[in-house]
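The values are calculated or read from the model by the stated rules, or taken from the named source; none is laboratory data. Computed from a predicted structure; not experimentally measured. Using ideal geometry, Cβ is built from the backbone for each residue, glycine included, and neighbour counts are taken over all protein chains shown.
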Amino acid sequence: MALYALTIFLGALLLFQVQPLIGKFVLPWFGGGPAVWTTCVLFFQLLLLAGYAYAHVLRAWLPQRKQVVIHIALLAAALATLPIIPSARWKPVGGADPTWGILVLLAATVGLTYLMLSPTSPLLQAWFSLSHPGRSPYRLYALSNAGSLLALVSYPFLVEPAFTLRTQALLWSVGFALFTLLCAWVALRTWHLEPPAEGETPAAPRQQPVEQSEVGDQQSAIGNPGNEASPGIGVRLLWVALAACGSLMLLAVTNQMCEDVATVPFLWVAPLTLYLLTFILCFHSERWYPRMIFWVLLALALGAGLPLAKLARNWITLDDSTVALMGGMLGLLREGVDVPLLMQILGYSAGLLICCMVCHGELVRLKPSPRHLTSFYLLVAVGGALGGALVSLVAPRVFRAYLELHVGMWLCAALAIVAFWADTKPHRGWQQRWWVGLYPPAFVTILVILGMALKRDADDTLKGASLLTRNFYGVLRVTEYYEDDPERHYYSLQHGRISHGNQYADEEKRKQPTSYYGEKSGVGLAILGLRGDGARPQRIGVVGLGTGTIAAYGRAGDHYRFYDINPDVERIAETWFHYLGDLRARGGNCHVVLGDARLSLEAEAARGEAQGFDVLALDAFSSDAIPVHLLTREAFELYVKHCLAPGGVLAVHISNRYLDLEPVVLAQADHLGYQAVVVESKSDRDRRLDSATWVLLTRNKEFLDSEAIRQIVEKRQRASEGAGDEDQDEDGDGDAEATRLEKPKTPRRVLWTDDYSNLFQVLKR
């Protein structure tokens, strides 16, 4: 058994180690958003399904010797595709939906190797059952998941910090070569074996599978080792549905967490680790899934505690975040970004763990005997791929907002009830008792109440929007405010839950820069400070379009060049907002480049089209999530060497609810030998200004010696000497937009590179 265990364990380790590894390669090429990762997961689920289908076909249709020959030949072919380093020719061009491009890239890079790793667990378990007919193969499945779990946990904490991406890919390729040798050895040892003839009863496994029944009254006796009857269609559909629900919840929760933070390995790995952990526990022993306990936990995870928490407020003091956490995932959905980051991660992770324990616990209660093992795993893989497709392919095209989590929560409750009714074990001995008749109406009532609560939250998400649209890159929402008040009438753009710009409707007031881009914001100071006497036209580059607010600074002859990956953002900026159109009307030049900003800038540099920007503003955040690949050492080297004019200013917007990005940008300034000035501006609701923090990087001594920048530096010096960090309203006009700097914190630098970025280092405490 040791050889089987080692081979299955190594195969599972490689199977899941390659997922974050290859994800890190392709993420920067396609914008760095959460949809890139969910598309990667969909690809791996589809290949897993193909691998399980391959294992099932081998076992069902071919004699053992042909199985061995075919499997070893395909393993050898997979070796020829190493190493797994994506070619630069797969980098996308433009901003079209990249879903199919990602899938094709992954197929070309890791398709065959992943396909040959996928069937390892079911195929080797079937071979083990053949060579050891008196022993249960199901524990090998738990061992497979343990290898997968180790791969995921080790990646962000051990592998990613220690090795460059290229080294990781080479080490993985060596591991695959070793796996090929082990798998070939196992296969050759089964050369002389053949499965029992049809109708022949194999030796009973030591650990007998549980009993089950089809949906309805027909009972299946597959828990009896002497009966090898095939499970009915009802049970098979439940296998698919339960697996699909678990997969759907995994990706929906991952989307929810990555939407407002960053698409980084830890936030991919944490949900996937919990998902696999439920497989390990449930397949190891039914004792890990006491149904009634997990049903209570499921009710709390889905929101049953929310009314209780609100009721408890009448007697004890509870803040909104605590109420949201007590309300499970429904509470977190309703409160949104007002809940601290760590509480959101803990709350969603706990909800995912409970939902997946229910789905996989019920799945294990319905598992078949070893004779039907490969078909069971095949249908589980079908369900996993179906759940992934619903989130990655269907939801962005059907829903106008992130509503797949709502669907998954309701589906989890519904399937738990169906699976309970399908399992004959709990009904034995009390089927005739009167209170059993109360179960159906009680179950229907629970589902109706849950559905109404989820629908109400979904309606709250959708209502009030003048425009709500969703694509691969996220959800965009345009909202109109104060329609009946001409002085305050304005439009706002939200990406996810965070404002990405607004504009007054009035023809004169709409020319004002608003939001994070006021005249005393960092980017405002940079543009105005470099303008001088105004005789020379300026060249301004902006990474991240939003509403195009920065174009409000443009004059006749100025050149403004925006970079954005999302074509819907450009459409909204051109049709719902007027910053770009007004700049053109003033005689300025405005151009929007679609595609990932870093790739676009790299392509321009390669063509010798250095833009020579006086100011390059980095403001490419989606919701509150950060595109890490735009903040790395290699990215900053690109900005200053190929994009900025001599004496230019790189303005980096670092406002963030959860992450302190100042150490990251200061580290890049040190690396480049640039001076850095941190500028904070206050909010002013009357002028539609939001508080903002920018870091200005430059070597322009004249700019650094200007009055506005010198005042900022002096305020920091006074703060460091204990004079306080409050703004002094020097001109007495009560300007709520005045720039300020807090007392300097303990100096620290966090240098991010393309190979390594650590989110924990910059979490706000």
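Things worth noting here:
- For Val364, the stated conditions do not hold, so it cannot be described as among the β-branched types (Val, Ile, Thr), without any contact (Cβ under 8 Å) to a residue 60 or more places away in the chain, closer than 28 Å to Phe279 by Cβ and out of contact with any strand residue (DSSP E or B) (no Cβ under 6 Å at 6 or more places or on another chain).
- Matching option when the condition is basic (Lys, Arg), assigned by TED's automatic domain parsing to the domain that holds Cys643 and touching a residue at least 40 places away in the same chain (Cβ under 8 Å), among Arg539, Arg510: Arg539
- Selection within region 334-350 - modelled with pLDDT of 85 or more, surrounded by fewer than 16 Cβ atoms within 10 Å (Cβ to Cβ) and touching an Asp or Glu at 6+ places or on another chain (Cβ under 9 Å): none
- Of the helices (runs of 4 or more DSSP H) entirely within region 550-653, those holding at least 2 residues that are among the small types (Gly, Ala, Ser) and either outside the structural domain of Leu165 (by TED's automatic domain parsing) or touching a residue at least 24 places away in the same chain (Cβ under 8 Å) (or both) occupy 579-585, 597-606.
- The numbered conditions (1) in contact with a helix residue (DSSP H, G or I) (Cβ under 7 Å, 6 or more places away or on another chain); (2) farther than 22 Å from Thr632 by Cβ are all true for Val26 except (2).
- Residue within region 307-328 that is touching a residue at least 60 places away in the same chain (Cβ under 8 Å), of a type outside the set (Gly, Ala, Ser) and more than 28 Å from Trp127 (Cβ to Cβ) present: no
- For region 284-322, a residue qualifies if it is among the hydroxyl-bearing types (Ser, Thr, Tyr), over 21 Å from Leu411 (Cβ atoms) and either surrounded by fewer than 14 Cβ atoms within 10 Å (Cβ to Cβ) or modelled with pLDDT of 90 or more (or both), and the qualifying residues are Ser285, Thr317.
- Taking the conditions (1) surrounded by fewer than 19 Cβ atoms within 10 Å (Cβ to Cβ); (2) closer than 20 Å to Tyr377 by Cα in turn, Ile70 satisfies each one other than (2).
- Among (1) in contact with a Cys (Cβ under 8 Å, 6 or more places away or on another chain); (2) surrounded by fewer than 24 Cβ atoms within 10 Å (Cβ to Cβ); (3) not small (Gly, Ala, Ser) - the single one Leu616 does not satisfy: (2)
- Among residues of region 93-120 that are within 22 Å of Val391 (Cα to Cα), those with a Cβ under 9 angstrom from a residue that is part of a loop (DSSP other than H, G, I, E, B) and among the acidic types (Asp, Glu), sequence gap 6+ or separate chain, pair up as Gly95/Asp596.
- Filtering region 681-698 to residues that are closer than 13 Å to Gly501 by Cα and among the aliphatic types (A, V, I, L, M) leaves Leu689, Ala692.
- Only one of the numbered conditions (1) in contact with a Phe, Trp or Tyr (Cβ under 9 Å, 6 or more places away or on another chain); (2) in the same structural domain as Ile709 (by TED's automatic domain parsing) is not met by Asp533, and that is (1).
- Residue identified as over 15 Å from Phe176 (Cβ atoms) and out of contact with any helix residue (DSSP H, G or I) (no Cβ under 9 Å at 6 or more places or on another chain) among Trp90, Trp61: Trp61
- Taken over region 456-476, the criterion of being assigned to a helix (DSSP H, G or I) and in contact (Cβ under 8 Å) with a residue 24 or more places away in the chain is satisfied by Asp457, Ala458, Asp460, Thr461, Leu462.
- Looking only at region 589-605, and only at residues there that are over 29 Å from the mean Cα position of the chain (by Cα) and modelled with pLDDT of 95 or more, the one that is surrounded by the most Cβ atoms within 10 Å (Cβ to Cβ): Cys590
- Only a single criterion out of (1) modelled with pLDDT under 90; (2) under 21 Å from Leu298 (Cα atoms); (3) within 22 Å of the chain's Cα centre (by Cα) is not satisfied by Ala381, namely (2).
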